[in-house]
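For reference, the structure is listed below as structure tokens.
The values are calculated or read from the model by the stated rules, or taken from the named source; none is laboratory data. From a predicted model like this one, the values you see are computed outputs, not experimental measurements. Heads up, the Cβs are rebuilt from the backbone with ideal geometry, glycines too, and the neighbour counts pull from every protein chain shown. The protein model used for the area step is the full one, side chains on, heavy atoms only, and it has no ligands, DNA or RNA in it. Shrake-Rupley method; radii C 1.70, N 1.55, O 1.52, S 1.80 Å.
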Amino acid sequence: MEKKSLKQNEIFASEEEKFLSWSEVLISFEKKFGTEIYSSWLKDIVLIKEYNDYLILGVPTRFFRDWIVSRYLDKILEQVKTFKLTLNRIEFKISEEAKSLSDEGLKQGEFNGVAEIKDSILNYNRLNPNLNFENFIEGSSNKIALSSSKRICEQLSRYNPLYIYGGVGLGKTHLLNAIGLELQSKSNVMFISAERFMYHFIKSIKKNDMVNFKDFFRKSSVFIIDDIQFIRGKEGLQEEFFHTFNSLIEKSSQIIISADRAPMKLDRVQERIKSRLSGGLIVDIDLPDYELKIKIIKKRLEDIQNEFKENCNLSEEVISYIATESKTNVRDLIGILNRVIAFTRIHKRQLNIRDCKQILKDVFNQAKVITVDRIQNTVSSFFNISITDMLSQRRSRPLARPRQVAMYLAKKMTSRSLPEIGRRFANRDHTTVIHAVKTITKISEKDEEMKKNIDQIKGLLLEE
Ligand code: ADP
Ligand code: MG
């Protein structure tokens, strides 16, 4: 699907130079990132200046800028490129206009005390009625996670916390949501992503309103927090989470947590938190096996049949092909299936295996594209610094080392030349890149920590 929209825009861009309609771009952000991220971080971005190959965007505060740059820059660039293909860079500035936009949001009572916290949280964290136990399909990769989740609902505090971990798209959020749905009639359920928790935490600090924040989160009897790995490297947030966690446990509230890795593998998280997280039951979800993939495909076809009364049969051969070739996760599997279904709808006929291979050619054969942008993004968020700082001329070690690591990886993992890499690092000379490569090679030969960091970053780049 991505490919297709790119093509459309190639045509678009080859016309005479286009100017962006920023409001359309914003609408597309909401679609791409979801309402939660959009309204927390992206809606106040303003377009300050537009050049042929880059944009200057305005955001309300430094904190916003760092947060957006470290987490969403790649995707934002990718998205605006679908409007204007010639863009290859985005710069952020702190802007008065963006600031007044977001102050207005505050004035309109988005955040004036418990009731509002509650409203805004409910708005963003409403449980999704479609992610329930009935439509969660059991397989050997998720059997234990599923049964533990169900057992928690029957007997609270049996394990506390319940900690579910696994890679992206394997059903963690689905299970957490299902637990929330199941318990919401009899308990005071709080369901929140760690990212969102952080957002409220920061807002409360800024508004000097920590009392309400603490009360609010500590009064739930079931506290469900998704993607806890977000707290890595964020000391203040960890401190607050630790206290929230303790006071919940003290009053026997049930805690359910998801993460992308086991508690002990959460680097840059305080030991005492890791040990708390390991204090209950830890279960993992693995990649779906062939059998589960087949079940998921068939269930989805059945649902479509029932919901739209439309015949959308796929042959056993096609189903088996999709299940065999889709090797990543359930979310991707569903995406692939949707693509095939869209095709049968358009062409109003059953697909044969050759059509299917054709449609999915680019999906299954797509090599991981590692770009300098992605490396810069991943490295800066790994070391918890902003890209702007990483690319700046400052020479302090906490900035210089990550900068060198990023240059090193750019040389090792992309086919860019040394001068090209230099240019991408705020127009540095190619000799600087050579120096960085040498330095990091030398350090990682001797220093275990550095070697480990580099391996981890490589892992992140390859798995994304
Ligand atoms: P995670 O939180 O682990 O990244 P999600 O819970 O968001 O993953 O799952 C990704 C998508 O896959 C969701 O649409 C979810 O409903 C679906 N999904 C994952 N596992 C299953 C399953 N066992 N049965 C049905 N749907 C599943
Ligand atoms: Mg999730």
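Looking at segment 414-439, which of its residues are open to solvent by 30 Å² or more (accessible area, probe 1.4 Å), of a type in the set (Gly, Ala, Ser) and either under 21 Å from Arg397 (Cβ atoms) or part of a helix (DSSP H, G or I) (or both)?
Hit for segment 414-439 is Ala426, nothing else.
I want to confirm something. Restricting to segment 278-314 and keeping residues that are within 11 Å of ligand 1 (Cβ to nearest atom) and over 30 Å from Ile228 (Cβ atoms), which single residue is most open to solvent (accessible area, probe 1.4 Å)?
Asp303
Test Gln393 against the criterion of being closer than 30 Å to Glu317 by Cα and open to solvent by 30 Å² or more (accessible area, probe 1.4 Å), and give yes or no.
Against the criterion (closer than 30 Å to Glu317 by Cα and open to solvent by 30 Å² or more (accessible area, probe 1.4 Å)), Gln393 does not qualify.
Within segment 168-194, how many residues are over 18 Å from Cys153 (Cα atoms) and near ligand 2 (Cβ under 10 Å from one of its atoms)?
4
Mind telling me which of the residues Lys458, Lys442, Lys411 ends up being over 11 Å from Ile375 (Cα atoms), open to solvent by 50 Å² or more (accessible area, probe 1.4 Å) and assigned to a helix (DSSP H, G or I)?
Lys442 is the lone residue from the list that is over 11 Å from Ile375 (Cα atoms), open to solvent by 50 Å² or more (accessible area, probe 1.4 Å) and assigned to a helix (DSSP H, G or I).
Scanning for something open to solvent by 50 Å² or more (accessible area, probe 1.4 Å), within 9 Å of ligand 1 (Cβ to nearest atom) and farther than 20 Å from Gln229 by Cα, does segment 183-204 turn up at least one residue?
no
Kindly provide the set of residues from segment 215-238 that are away from ligand 1 (no atom under 16 Å from the Cβ), out of contact with any helix residue (DSSP H, G or I) (no Cβ under 6 Å at 6 or more places or on another chain) and under 19 Å from Arg276 (Cα atoms), ordered by number.
Within segment 215-238, Ser220, Ser221, Arg232, Gly233, Lys234, Glu235, Gly236 qualify.
Quick one: what pairs do we get from segment 171-196, first residue on the phi < 0 side of the Ramachandran plot, second open to solvent by 20 Å² or more (accessible area, probe 1.4 Å) and more than 15 Å from ligand 1 (Cβ to nearest atom), C-beta under 7 Å, 6+ apart or different chains?
Gly180/Val189; Leu183/Val189; Ser187/Ser221; Asn188/Lys219; Asn188/Ser221; Arg196/Tyr124
Would you please name the residue that is farthest from the chain's Cα centre (by Cα), looking only at residues in segment 262-277 that are open to solvent by less than 40 Å² (accessible area, probe 1.4 Å) and under 25 Å from Asn329 (Cβ atoms)?
So the residue we want is Leu277.
State the number of residues belonging to segment 285-319 that are polar (S, T, N, Q) and in contact with a Leu (Cβ under 9 Å, 6 or more places away or on another chain).
Here the count works out to 2.
Could you please find all residues in segment 142-182 being within 8 Å of ligand 1 (Cβ to nearest atom) and not β-branched (Val, Ile, Thr)?
Asn142, Leu146, Gly166, Gly167, Gly169, Leu170, Gly171, Lys172, His174, Leu175, Leu176, Asn177
Looking only at segment 146-167, how many residues end up being within 22 Å of Ile273 (Cα to Cα), within 16 Å of ligand 2 (Cβ to nearest atom) and of a type in the set (A, V, I, L, M, F, W, C)?
2
Take the residues in segment 152-177 that are open to solvent by less than 40 Å² (accessible area, probe 1.4 Å) and part of a helix (DSSP H, G or I), then tell me which one is nearest to Arg126 (Cα to Cα).
Checking each candidate, the answer is Asn177.
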